[in-house]
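As structure tokens, the structure follows; a few thoughts come after it.
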Amino acid sequence: MRGPCYTDCVERPLSRALRSLGGLVGAHPWPFLLLPLLLSAALGVGFTLLPIRQSNDIETQFTPREGPAKAERRLVRERFQTHDAERFSAQRLTTEGTFASFVAVARLSHTLLTREAFAELLALDAAVRGLRGGGYDYAQTENDPETSFFLFLYYSLQVAYFSSLSRQEELEKNSKEVVPFFIITYFLTICFSIFSCLRLDCVRTKVWVAAFGVLSSVLAVISSFGLLLFCGVPFVITAASGPFLTLGVGVDDMFIMVSCWQRTKVKHRVKDRMANTYADAAVSITITTLTDVLAFYIGIATSFPSIQSFCIYTGTAFVFCYIYNLTFLGAVLALNGRREESNRHWLTFMKVTDEAQHSFLYNLCCVGGFYDTATGRELEHPMNEFFKKHFGPFLMHNGTKVAVVALYLTYICGSIYGCTHVKEGIDLRNLVQDHSYVVRYYDFEEEYFKEYGPRVMAVVTGSIPYWNSTIRADLEHCIQALENSTYVDKKLSESWLRMYEVAANRMSLNIGDRNSFIGNLSIVFRENPQSRWDVNFTDLEISASRFFIQTINITTSVDERNLLNQLRACAADCDLPLIVYHPAFIFYDHLILIAQNTIQNVMIATGAMLLISLLLIPNPLCSVWVTFAIASVIIGVTGFMAFWNVNLDSISMINLIMCIGFSVDCSAHISYAFVSSKKASLNDKAVDALYRLGYPMVQGAVSTIVGVLVLSMTNTYIFRAFFKIIFLVISFGTSHGLFFIPVFLTFFGFCGRLSTTQHQIDCQFSENSASIEHSIAKLPVVNT
């Protein structure tokens, strides 16, 4: 029996099942090769539905689905009917509206108070006013505005323009920009994979496995995306990052499988080698796939549709990637194994000799099939030898361990400091390309008009007796409470009720009863005609009314969040049915919910990761270390986001959810290898784990970074932020797997220590599962 800290009720049956699957794939590879190809071809037809499944509406996708501002907007719309074509008023819009806006800036004289600048402003105004719908080519104006009605502008002014459709149209351009990067990325990844799997032995080299390993990820993306498009799942621009991520994961798993294959005995049948490969590699791959997929599917529960789309598309792609790695890639590995078994050249497929000749070039091209006669395995890769003989022993020195602990403390302290300085909130200019005209407009607006923020509605949503002086006093108290906010200029408030009271006092009117109050409302409407839009009344009752306050100095996302909290708190404290609203609040809401959603998803996913680790890694304490790695990497990534100018918003939240799954990968691999090692001492277990998985982890990390590297060169913040966080996740995750976790595991002597009885049981199981060589107790036993 296992010791009290062990549980293998899931791990051992899973290993047996995957061993059987590996043997089946090794015996009959062609069905496992052809079926994924046929399935991908069938599901790939779903891409024809992509144009009608795209959903890039900014408000719908990048704001909380049930944000409070959306409920407030519904109330305002119900109380006040709008006819913008007849009586347009910007401050009374319940949405951003349909509009075009211009900002004119003096280019040379730094002032508009010149005769030339004024002449151009008047010309611009006349041109805009002269626009007509009938017969006017608006599409030409939108696509090439400078050649349409801006030709009269010469040198004095810089004009930035913006319309209600600008952000939406610019956002949709991003999906087109990313297509060429897919091609570049897959080409680079194929080159890197082939280079990593290349051997000087023309028989043992894994060129075809590397190439088809990348193809396996491509098939996974085609199948998963096609299936979801068939099912009607909306496709948002954020989901376009999924293929890059899937590629990195698929290639990572391929490296693990190749590494485990190379540790099998070359003289065994392909069926047996595949069974041993799956028993050794597939459990580790299953752990990481489960954690990654679960992390993404947990992310579907978020309030942000853009995150939901990314999570469901990428999570499903991971599922297909796992299935295709065990079938399609496994079949390729088996067929490649048959080629090796018959000692055939990797390119010509002709048999070659395994006897070295005098000519180096001849040996390189026409001689192969070498292996280590002492172990019966393929010759060790130099990097494996490096981890076994140099890196591992160096890391286990006491002085090195102290340095690693000091490095970790520095890392975690810096990360915590960064977490306290991370910025929240999405900057809408980040949704478009860097050189978009929208960015120029926002820059001008921020530079010259940042003093004034949104003009906020204060809406009395219910019917109250305005003719009652006590009620009017209460309402005035509520409005003053709003005006006392640090972000409000009370001198710029607008109140139809205040104007009515002033006019009534001036005219000595009695407005203390219902009939006189409602009957004399026309007075205020004559003095300020727009006030008519702010009072919803019948002959006998005022069912709703609204007032306006002017906000100021809203320059950061912190200001936006504080403003929203202050105004809503004042409205909630009012004894009357009062709400505050502005269309910008739709976007401000995510500032309040983003941190809450992120923490909630991180906590749920971390708990799920711990559960999976407990079930699949046969040691509870080491599962705790995996959970520790999740928390540590998340803190690191969040902290360094602040240092790399990445805000906590719905875009980075996607990556933090992904971080949960990816931070498990290296720590799960290394922990699993540590506790399953048959070495006696803890230091030897750590060295053995690094020897077995150090190079595949480095390969996987580099391949993932290569897979997303091109995104750092895009003109879009969305993809650059994705690259930055992936880079941080992979760098920190790999550092934990190669440095921190191996060292920390050795600090607990009871973690992973096998009893004599357990060692005998494991050896017996290996004897019954593998061929006759595995019964020799002194030889290394393949993990089962």
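All of (1) over 15 Å from Y324 (Cα atoms); (2) in contact with a Cys (Cβ under 8 Å, 6 or more places away or on another chain) hold for A220 with one exception: (1).
Quick one: in the range 346-392, which of the residues that are within 17 Å of V266 (Cα to Cα) and among the β-branched types (V, I, T) is surrounded by the most Cβ atoms within 10 Å (Cβ to Cβ)? The extreme case among them is V367.
Within the option set I634, I630, being free of Cβ contacts under 8 Å to residues at least 40 places away in the same chain and surrounded by fewer than 24 Cβ atoms within 10 Å (Cβ to Cβ) holds for one residue only, I634. Check G639 against each of (1) surrounded by fewer than 20 Cβ atoms within 10 Å (Cβ to Cβ); (2) part of a helix (DSSP H, G or I); (3) modelled with pLDDT of 85 or more and name the one condition it does not meet. In the conditions (1) surrounded by fewer than 20 Cβ atoms within 10 Å (Cβ to Cβ); (2) part of a helix (DSSP H, G or I); (3) modelled with pLDDT of 85 or more, G639 misses (1) alone.
Per-residue answers, yes or no, for (1) within 38 Å of the chain's Cα centre (by Cα); (2) more than 15 Å from E378 (Cα to Cα); (3) free of Cβ contacts under 8 Å to residues at least 60 places away in the same chain; (4) assigned by TED's automatic domain parsing to the domain that holds I604:
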position	(1), (2), (3), (4)
K265	no, no, no, yes
H268	no, no, no, yes
D272	no, yes, no, yes
Y297	yes, yes, yes, yes
S303	yes, yes, no, yes
F328	yes, yes, no, yes
H345	no, yes, no, yes
M350	no, yes, yes, yes
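Out of all the residues in the range 249-268, is one or more over 22 Å from P696 (Cβ atoms) and at pLDDT below 95? Within the range 249-268, one or more residues are over 22 Å from P696 (Cβ atoms) and at pLDDT below 95. Looking across the range 468-510, the residues that are in contact (Cβ under 8 Å) with a residue 40 or more places away in the chain, closer than 20 Å to R532 by Cα and among the small types (G, A, S) come down to S493, S495. Give me the residue from the range 146-160 that is surrounded by 16 or more Cβ atoms within 10 Å (Cβ to Cβ) and under 24 Å from D427 (Cβ atoms) and, out of that set, modelled with the lowest pLDDT. Out of the qualifying residues, it is V159. Residues in the range 673-693 include none that are modelled with pLDDT of 80 or more and within 23 Å of the chain's Cα centre (by Cα).
When the range 537-570 is filtered for residues that are more than 37 Å from the chain's Cα centre (by Cα) and at pLDDT 90 or above, the ones remaining, listed by number, are I542, S543, A544, S545, R546, F547, F548, I549. Within the range 563-582, the set of residues being surrounded by fewer than 17 Cβ atoms within 10 Å (Cβ to Cβ) and touching a residue at least 12 places away in the same chain (Cβ under 8 Å) comprises N565, D573, D575, L576, P577.
Just to verify a result, which residue in the range 583-602, among those that are among the aliphatic types (A, V, I, L, M) and touching a strand residue (DSSP E or B) at 6+ places or on another chain (Cβ under 8 Å), is surrounded by the fewest Cβ atoms within 10 Å (Cβ to Cβ)? Reasoning before the result, please.
Of the residues in the range 583-602, the ones among the aliphatic types (A, V, I, L, M) are 584, 586, 591-595, 599, 602.
This time we only want the ones that are touching a strand residue (DSSP E or B) at 6+ places or on another chain (Cβ under 8 Å), so: 584, 591, 594-595.
Working: A584: 20, L591: 21, I594: 26, A595: 15.
Selected residue: A595.
Y500 fulfils the conditions (1) farther than 30 Å from E446 by Cα; (2) assigned to a helix (DSSP H, G or I); (3) modelled with pLDDT under 90 except for a single criterion, (3).
Answer yes or no: is there a residue in the range 161-182 that is at pLDDT 70 or above, in a loop (DSSP other than H, G, I, E, B), out of contact with any Ser or Thr (no Cβ under 8 Å at 6 or more places or on another chain) and of a type in the set (D, E). For the range 161-182, residues at pLDDT 70 or above, in a loop (DSSP other than H, G, I, E, B), out of contact with any Ser or Thr (no Cβ under 8 Å at 6 or more places or on another chain) and of a type in the set (D, E): absent. Tallying residues that are within 20 Å of N565 (Cα to Cα), within 27 Å of the chain's Cα centre (by Cα) and aliphatic (A, V, I, L, M) within the range 49-81 yields 1. Pairs meeting the criteria (first residue in the range 645-658 and part of a helix (DSSP H, G or I), second residue among the β-branched types (V, I, T) and modelled with pLDDT under 75, beta carbons under 7 Å, at least 6 apart or on different chains) are S650/I426; I651/I426.
Screening E96 against (1) acidic (D, E); (2) part of a helix (DSSP H, G or I); (3) at pLDDT below 80 leaves a single unmet condition, (2). Would you point out the residue of the range 458-473, among those that are within 50 Å of the chain's Cα centre (by Cα) and over 12 Å from L497 (Cβ atoms), that is surrounded by the fewest Cβ atoms within 10 Å (Cβ to Cβ)? Across the range 458-473, the extreme among qualifying residues is G462. Of E541, E527, all but one fail to be over 25 Å from E72 (Cα atoms) and either assigned by TED's automatic domain parsing to the domain that holds A473 or crowded, with 19+ Cβ neighbours inside 10 Å (or both); the exception is E527. Here E483 clears all of (1) farther than 27 Å from L593 by Cα; (2) out of contact with any Gly (no Cβ under 9 Å at 6 or more places or on another chain) except the condition numbered (1).
The values are calculated or read from the model by the stated rules, or taken from the named source; none is laboratory data. Predicted model only: the values in this text are computed from it and were never measured. Because the Cβ atoms are built from the backbone with ideal geometry, glycine has one as well, and the counts that use them run over all protein chains shown.
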